Amino acid sequence: MTTGKVLPTLLALAVYVNVVLALPLKTCPAFECTGSNDVFAFEPKKIYTYNLETQTSNILSGATVNQGKLHLSSEVTLQAVSTCSAILTVKKAIISNGDKKHQGSTIIEGSPVLIGIQNGQLVSEFCAGKADSLVSLNVKRAIASFFQIPVEKKQYTDIFGTCEVETTVVNGADGATEVNSYRNLNGCKHRESIISSIPSSSYNFEANVQSAPVIKSSARIEQKLKNKVLESASGHEEYHFVPYSNEGNGAIITVSTNISLVRTTDGDAPFVAAEPTSLSVIFEAPHGSSNDFTNLKTLQSAVESVCASIESSNVDTAYQVRNLIQIVRQSSSNDLLKTFNSFKSKCGGKLLIDALLSAATGQSMEALVRLSKTKGTVDLDQLYISLAFNRHPTLASIKAVGTLVDKNAPRSLILGAGALVGKYHELHGVGENKEIDGLLDKITKPLDNCNTKTHEEEDKVGYSYAL
Ligand SMILES: *[C@@H]1O[C@H](CO)[C@@H](O)[C@H](O)[C@H]1NC(C)=O
C-alpha cells in the first residue's frame with residue numbers, strides 16, 4: 001500500500017523539479033569569436049553563392065514497384081558577418097519526384113539563419129526565426145554541416161549528432177586543400193530520439209554504439225577549399241535497414257549531396273529574424289504538425305474499408321488496419337470524434353478506440369480523453385497507461401489530461417501524465433506553458449508543498465529527494 005502512494009509523490013516531485021529547475025528558452029547565441037579563426041577566410045561584406053543538388057533514393061531489392069527518388073536543387077548563399085559567424089539562406093528551391101516538380105518551395109526556403117563557425121568548427125547552436133518550418137531548418141542544418149572542417153580525429157557536432165570523425169587532409173598547390181571524412185553514424189550521440197515500438201534497454205552515454213541496432217548508417221564527405229574558402233563539397237550517406245537486409249541487399253536509403261561555389265558578390269545585409277530562437281544544429285526528427293491534417297472523408301473511408309474487410313474475412317485486414325492507424329496519426333481530434341460518433345454503433349467503435357490508442361498522437365489522446373467522459377466507452381486503465389507511450393503530445397492533449405486529474409487520481413494516471421509532459425519537453429524543449437503548469441499544479445497540490453504532517457508523508461518526501 002505504501003509504495004502505491006510513494007510513487008505518485010516521487011513522480012510529481014520529479015516532474016516539478018524538472019520544470020522549475022530547467023533553463024528558460026534560450027535566446028540566440030552572440031557568436032563571440034575566440035582563438036585563431038583561420039581555417040576559413042570568408043570575407044565579411046561578400047556573398048558566396050553556391051549551387052546545391054541533393055538526391056535521395058530508396059532501394060528495396062526484389063520490390064516490383066519503382067524505387068523512391070527525391071531530388072532537391074537550390075541556391076545557397078553564405079555571407080560572413082564576422083570571422084566566426086555567417087548568414088545562411090536557401091533560395092530557388094525545386095523539389096522533384098520523378099516527373100512532378102514543386103518550384104520555389106517556401107516551406108523549404110524559410111528565412112535566413114545565423115550560424116557560428118569557430119576556427120572551422122560549427123557552433124552547436126544556431127539562430128533562426130521562430131516561424132521557420134522543421135523541414136527548412138533541417139535543410140539548413142545539413143548545409144551548415146558542409147561548412148565544418150574536421151581536421152583531426154575527434155568529435156564534431158553537426159546535423160548527424162556528435163560524432164567521432166575519421167579524417168584526412170591533403171594540402172595541394174595554390175592554396176588548395178582537400179578534406180575527406182568518414183562518420184559511422186551508429187556511434188553518434190544525440191541523433192536518435194527513438195520513436196519506435198522496438199523495446200530498448202537503458203541508455204549508456206559512453207558506449208560506442210549510440211543507436212538502436214536497426215539501421216546501419218554512415219556518411220562520407222569530401223570538401224575542397226581554395227584559399228580557405230569552400231569551393232565544393234559532396235556528401236554520401238547510406239542507411240541500411242538491417243531487419244530487411246541480407247549482405248547488402250534489402251532496404252537501403254542513400255543520400256547524395258553536392259554543393260559548389262558559383263559566384264562571389266558584394267553585399268552586407270544584416271541578419272534579421274522574427275522572434276530569433278537558438279536551436280541545436282543536430283537533425284530534429286519530424287513530430288506532429290498541426291497544419292496538415294488528412295481530411296475527414298479519407299479517415300471515414302479507411303474505417304469503412306477495415307469494417308468491410310473484417311466482415312468478409314479478407315486476407316488484407318491487417319494491411320487495412322495498419323493503413324487506418326496511419327491515417328488516424330494524421331487526423332485532428334475533431335475529425336476523430338466525428339468519425340467515432342458516426343461509426344460507434346457499427347463495426348467502427350471498438351476498432352477506432354484501438355486505432356486511437358495505437359496512433360498515440362496528441363490529437364488521438366485528446367479525442368480519447370473526451371470519449372472517456374462517457375462511461376464505458378474507453379477502458380480507463382488502458383488510457384492512463386497509454387499516456388506514457390504517446391509519440392507527439394500537444395499542449396491541448398496535456399490540457400485535456402489535466403481535466404482527468406483530481407486528488408483521487410490513480411497512480412497510473414499520475415505516472416502517465418508525468419511521462420506525457422516529459423515527452424513534450426523532449427520534443428519541444430522546456431518553456432513556459434500554462435497548460436503544463438496547470439497540470440503540474442493539479443498533481444503537486446495534494447502534496448501541500450511538501451509540508452508534511454505525518455511521519456509517513458515525511459518519508460515520502462525524503463524518498464523523492466533521494467530520487
Ligand atoms: C554529386 O557528384 C557525384 C560525383 O560527381 C555524382 O556521382 C553524384 O551523382 C552527384 N549527386 C547529385 C545529387 O548531383
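See the values below:
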quantity	calculated
Members of the range 140-160 found to be within 22 Å of Thr89 (Cα to Cα) and not charged (D, E, K, R), listed by number	Ala142, Ile143, Ala144, Ser145, Phe146, Phe147, Gln148, Ile149, Thr157, Ile159, Phe160
Options Val81, Val76, Val39: the member that is within 16 Å of the ligand (Cβ to nearest atom), under 25 Å from Gly175 (Cβ atoms) and β-branched (Val, Ile, Thr)	Val76
Output for the range 354-393, where each listed residue is in a loop (DSSP other than H, G, I, E, B) and within 19 Å of the chain's Cα centre (by Cα)	Ala360, Ala388, Phe389, Asn390, Arg391, Pro393
Set Leu88, Leu52: member being under 23 Å from Phe271 (Cβ atoms), at pLDDT 90 or above and within 16 Å of the ligand (Cβ to nearest atom)	Leu52
Condition met for Tyr203 (of a type in the set (Ser, Thr, Tyr) and at pLDDT 60 or above)	no
Total residues in the range 111-134, condition in contact (Cβ under 8 Å) with a residue 40 or more places away in the chain and either under 20 Å from Lys91 (Cα atoms) or in a loop (DSSP other than H, G, I, E, B) (or both)	16
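Residue-wise test of (1) aliphatic (A, V, I, L, M); (2) at pLDDT 90 or above; (3) within 16 Å of the ligand (Cβ to nearest atom); (4) under 22 Å from the mean Cα position of the chain (by Cα).
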| residue | (1), (2), (3), (4) |
| --- | --- |
| Glu237 | no, yes, yes, yes |
| Phe241 | no, no, no, yes |
| Ser256 | no, yes, yes, yes |
| Val262 | yes, yes, yes, no |
| Phe271 | no, yes, no, no |
| Gly288 | no, no, no, yes |
| Asp292 | no, no, no, yes |
| Cys307 | no, no, no, no |
| Ser312 | no, no, no, no |
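The values are calculated or read from the model by the stated rules, or taken from the named source; none is laboratory data. Note that the structure is a prediction, hence the values are computed from the model and not measured. Backbone-built Cβ (ideal geometry, glycine too); neighbour counts: all protein chains shown.
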